[in-house]
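Report on one structure; see the data block that follows.
The values are calculated or read from the model by the stated rules, or taken from the named source; none is laboratory data. Quick caveat: nothing in here was measured; it's all calculated off a predicted structure. Here the Cβ positions follow ideal geometry from the backbone for every residue, glycine too, while neighbour counts run over all protein chains shown. The accessibility values were calculated without ligands, DNA or RNA, using every heavy atom of the protein model including side chains. Shrake-Rupley method; radii C 1.70, N 1.55, O 1.52, S 1.80 Å.
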Amino acid sequence: MLRIENLTKIYGDKKAVDDLSLHINAGEIYGFIGHNGAGKTTTLKSVVGILKFDEGKIFVDGESVLKNPIECKKKIAYIPDNPDIYEFMTGIKYLNFIADIFKVDADTRQERIRKYADIFEITDDLGQPIAAYSHGMKQKLAIISAWLPKLIIMDEPFVGLDPKASHLLKEMMREFCDNGGAIFFSTHVLEVAEKLCDKVAIIKGGRLIKSGTMEEVKGDDSLEDVFLELEDE
């Protein structure tokens, strides 16, 4: 579903991402872990076509991000750490706008909007201007809008969500991938990653230092212990 090969991104004389290679398969929830400034957001933005990168290749469902950026973006939903949403729209107009972009048919979009708006308990608020939404409500709206393509990229998706919404999001992520989708997301919440992810990658100073299935990465230790040990090396 997503293949990153030897990705390198340079800012001045610093390699923000240094020769990074990862492969995320359909059906997988893949966690991306590292301290602030490790290169997580730079990697995610390169995958979704926001940042140009200096070396390497990125493929989405077999399509090259460099050669066929539009085709790749048709298959990707991206939720940044601080979603910017058109606040002049109502919630329902925004969701229909996103559905139009991804060419989601009327019946499918209605079913999904109703399902996920009910799950997050914002159905009654969809007629209101987004400008009146709280940060948490905007985050929920962004998440609902992302549940349309085949690949979801998320940067710290649990920030701003209350415990109930976080629990619901984890269930949605599992269901999405069990139905053939794939999710690649960064997080600082290691307990969530350990329980939720099929695979995980740890990045430090722009370089991948460990990756694989959760059991391969952490063994008999906790993910937190492994992460802290690798960070101290």
(request) State which residue is surrounded by the most Cβ atoms within 10 Å (Cβ to Cβ) when the search covers only the range 93-151 and only residues that are among the hydroxyl-bearing types (Ser, Thr, Tyr) and over 18 Å from the mean Cα position of the chain (by Cα). (result) TYR94
(request) Would you check which residues across the range 44-85 are under 16 Å from the mean Cα position of the chain (by Cα), open to solvent by 30 Å² or more (accessible area, probe 1.4 Å) and free of Cβ contacts under 8 Å to residues at least 40 places away in the same chain and list them? (result) LYS45, GLY49, ILE50, LYS73, ASN82, ASP84
(request) Please work out which one of (1) surrounded by 19 or more Cβ atoms within 10 Å (Cβ to Cβ); (2) of a type outside the set (Gly, Ala, Ser); (3) not in a helix (DSSP H, G or I) is the condition VAL226 fails and give its number. (result) (3)
(request) Six or more apart or on different chains, Cβ under 9 Å: which pairs go from a residue in the range 23-37 that's touching a residue at least 40 places away in the same chain (Cβ under 8 Å) to one that's assigned to a loop (DSSP other than H, G, I, E, B) and surrounded by fewer than 14 Cβ atoms within 10 Å (Cβ to Cβ)? Could you list them? (result) ALA26/GLY180; GLY27/ASN179; GLY27/GLY180
(request) Scan the range 148-160 for residues that are on the phi < 0 side of the Ramachandran plot and modelled with pLDDT of 90 or more and jot them down. (result) LEU151, ILE152, ILE153, MET154, ASP155, PRO157, PHE158
(request) Could you tell me whether any residue of the range 161-177 is within 23 Å of LYS45 (Cβ to Cβ), of a type in the set (Gly, Ala, Ser) and crowded, with 19+ Cβ neighbours inside 10 Å? (result) no
(request) Would you mind stating whether PHE88 is of a type in the set (A, V, I, L, M, F, W, C), open to solvent by 70 Å² or more (accessible area, probe 1.4 Å) and modelled with pLDDT of 95 or more? (result) yes
(message) Here is a check on your reading of the model: is ALA193 in contact with a Ser or Thr (Cβ under 7 Å, 6 or more places away or on another chain) and touching a residue at least 60 places away in the same chain (Cβ under 8 Å)?
(response) yes
(request) Would you point out which residue out of ASN36, ASN6 is outside any loop (DSSP other than H, G, I, E, B) and either more than 25 Å from GLU215 (Cα to Cα) or out of contact with any helix residue (DSSP H, G or I) (no Cβ under 7 Å at 6 or more places or on another chain) (or both)? (result) ASN6
